[in-house]
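Some notes on the structure that comes next.
The values are calculated or read from the model by the stated rules, or taken from the named source; none is laboratory data. What you see is a predicted model, and the numbers here were worked out from it, not measured in a lab. Here the Cβ is made from the backbone with ideal geometry for all residues, glycine too, and neighbour counts use every protein chain on show. The accessibility values were calculated without ligands, DNA or RNA, using every heavy atom of the protein model including side chains. Shrake-Rupley method; radii C 1.70, N 1.55, O 1.52, S 1.80 Å.
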Amino acid sequence: MERPTKEQISQLPLYIGLGLSDIHIIENEVEAEQALKALENETRLGFDTESKPIFRKGQVSPGPSLIQLATESQAFLFPVRFPSAVAAAKKILTNPKIKKIGFGIKDDNKELRNKLDIDICNTQDLSVTLKQLAGEKNTIGARAAVAMVLGKRLGKGAQRSNWGAYPLKEHQILYAANDAHSAICVERGLACKL
């Protein structure tokens with residue numbers, strides 16, 4: 001398994017993950033309860049966070065603005081501005097029976113612990129897994145992983161959006177949900193290849 005070049009990735013078909021009808025934004029207690037019911041019996045979930053980007057040297061990150069969790073068929077977005085969303089996400093992220101799968105989880109965990117007092121357990125960092133499988137010296141991010149394992153190109157257009165602004169725009173919702181969704185799909189694809 002080899003890391004593809006940027007040129008090779010640009011030639012791949014676009015990763016089409018979940019559509020808007022499969023994405024749930026959690027803003028209140030009722031939606032939080034529905035998300036918990038949908039997720040609490042899962043054994044593995046795609047996971048990611050989004051934070052407002054930092055553009056100036058010395059500027060400190062305000063921490064995550066959004067927590068994303070995904071199954072193979074739907075995604076749940078938890079804006080941290082809503083206490084009930086944070087509480088629901090915390091229950092899932094700290095549940096040792098559910099494996100949280102993502103890319104660069106160490107950084108996400110640090111931000112969640114420092115800013116929201118959430119200490120994630122039972123994680124799999126695909127960046128590290130793929131680094132070892134490919135014999136690379138550097139970790140492998142989501143875009144390269146999707147190309148390597150799924151043969152698709154993960155769009156990263158909304159990556160530098162202002163995740164602190166609300167409500168989220170449609171392209172942000174799709175990007176955030178499919179970042180988490182791609183992790184669960186890469187993990188499944190890896191299991192089939194090994």
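Is at least one residue of the stretch 11-19 under 24 Å from Lys90 (Cβ atoms) and assigned to a strand (DSSP E or B)?
No, the stretch 11-19 has no match at all.
So how many residues does the stretch 59-84 have that are within 18 Å of Leu18 (Cα to Cα), open to solvent by 60 Å² or more (accessible area, probe 1.4 Å) and either polar (S, T, N, Q) or under 10 Å from the mean Cα position of the chain (by Cα) (or both)?
1
Give the residues of the stretch 120-141 that are modelled with pLDDT under 95 and charged (D, E, K, R), sorted by residue number.
Lys131, Glu136, Lys137
Take the residues in the stretch 1-27 that are surrounded by 14 or more Cβ atoms within 10 Å (Cβ to Cβ) and β-branched (Val, Ile, Thr); name whichever of them is nearest to Leu190 (Cα to Cα).
Ile9
Select, from Arg44, Arg56, the only residue that is over 16 Å from His181 (Cα atoms), surrounded by fewer than 24 Cβ atoms within 10 Å (Cβ to Cβ) and among the charged types (D, E, K, R).
Arg56
Name the residues in the stretch 111-142 that are of a type outside the set (A, V, I, L, M, F, W, C), touching a helix residue (DSSP H, G or I) at 6+ places or on another chain (Cβ under 9 Å) and in contact (Cβ under 8 Å) with a residue 40 or more places away in the chain, would you?
Across the stretch 111-142, the qualifying residues are Thr123, Gln124, Thr129, Glu136.
Which of the residues belonging to the stretch 23-78 are of a type in the set (Gly, Ala, Ser), out of contact with any Phe, Trp or Tyr (no Cβ under 8 Å at 6 or more places or on another chain) and at pLDDT below 95?
Hits for the stretch 23-78 are Gly58, Ser61, Gly63.
Glu72 - would you say it is under 19 Å from Lys52 (Cβ atoms) and of a type outside the set (Val, Ile, Thr)?
The answer is no for Glu72.
Is it the case that Ile184 is open to solvent by less than 50 Å² (accessible area, probe 1.4 Å), closer than 21 Å to Ile23 by Cβ, in contact (Cβ under 8 Å) with a residue 60 or more places away in the chain and not in a helix (DSSP H, G or I)?
No: the conditions fail for Ile184.
Return the total of residues in the stretch 130-164 being open to solvent by 40 Å² or more (accessible area, probe 1.4 Å) and either polar (S, T, N, Q) or under 25 Å from Lys91 (Cα atoms) (or both).
The number of residues fulfilling the criteria is 5.
What tally of residues in the stretch 21-49 results from selecting those that are assigned to a helix (DSSP H, G or I) and closer than 9 Å to Ser84 by Cβ?
The number of residues fulfilling the criteria is 5.
State all residues of the stretch 98-129 that are among the polar types (S, T, N, Q), closer than 25 Å to Phe82 by Cβ, touching a Phe, Trp or Tyr at 6+ places or on another chain (Cβ under 8 Å) and open to solvent by less than 60 Å² (accessible area, probe 1.4 Å); if no residue qualifies, say none.
None; the set is empty.
Return the residue satisfying two criteria in turn: it lies in the stretch 88-97 and is basic (Lys, Arg) and in contact with a helix residue (DSSP H, G or I) (Cβ under 8 Å, 6 or more places away or on another chain), and of such residues it is surrounded by the most Cβ atoms within 10 Å (Cβ to Cβ).
Taking the candidates together, the pick is Lys90.
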